[in-house]
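Here is the structure we will look at.
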Amino acid sequence: MAYNEEIASRIRHALAIFPEEFTEKKMFGGVAFLYHGKMTVGPVKNDLMVRIVDNKMPNILNQEFVRPMDFTGKPMKEFVFVSPEGFKTEEQLQNWIELGLEHAKSKL
C-alpha cells in the first residue's frame, strides 16, 4: 500500500518550524512522524492519519472530511483519517500536526 509522498513532503516542511525533533517510521502502509517514539501524523494513501487526545475525539469526528481510522472493521482508538480536502492549506495541515503532537506529549 503506497502513500502520497507529496503529503509526506508537506509534513516534513511543516515540522521544520517546531523546536521538537521528529522521526519517521514506515507503518500502516504509510509513514508516521513520531515525537519521542509516539505517533503524531502521517500520510496513508492520500489521507492524513492523525492521533487525537481522547477528550477531543467527539468534536474532531464531527468535523467535515474527518472519519475514524478503520483498517479491520473496528475504529482504532484515538486515530482519525482526514481526507485531502481537510488539509488543503498549510494552516490546516499545521493544525492537524499540532493535534498529533498534543497527543504524543500526553503519552510521555
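Tell me the residue from PHE22, PHE65 that is among the aromatic types (Phe, Trp, Tyr), at positive phi and in contact with a strand residue (DSSP E or B) (Cβ under 7 Å, 6 or more places away or on another chain), please. On inspection, the qualifying residue turns out to be PHE65.
Test LEU93 against the criterion of being in a helix (DSSP H, G or I) and either at pLDDT 95 or above or among the aromatic types (Phe, Trp, Tyr) (or both), and give yes or no. Yes. Scanning region 96-108 for residues that are among the basic types (Lys, Arg) and in a helix (DSSP H, G or I) yields a count of 1.
The set of residues in region 10-34 being of a type outside the set (Gly, Ala, Ser) and over 18 Å from LEU108 (Cβ atoms) consists of ARG10, ILE11, ARG12, HIS13, ILE17, GLU24, LYS26, MET27, PHE28, VAL31.
The values are calculated or read from the model by the stated rules, or taken from the named source; none is laboratory data. Fair warning: this is a prediction, and the values are worked out from it, not measured in the lab. Reconstructed Cβ throughout: ideal geometry from the backbone, glycine too, with neighbour counts over all protein chains shown.
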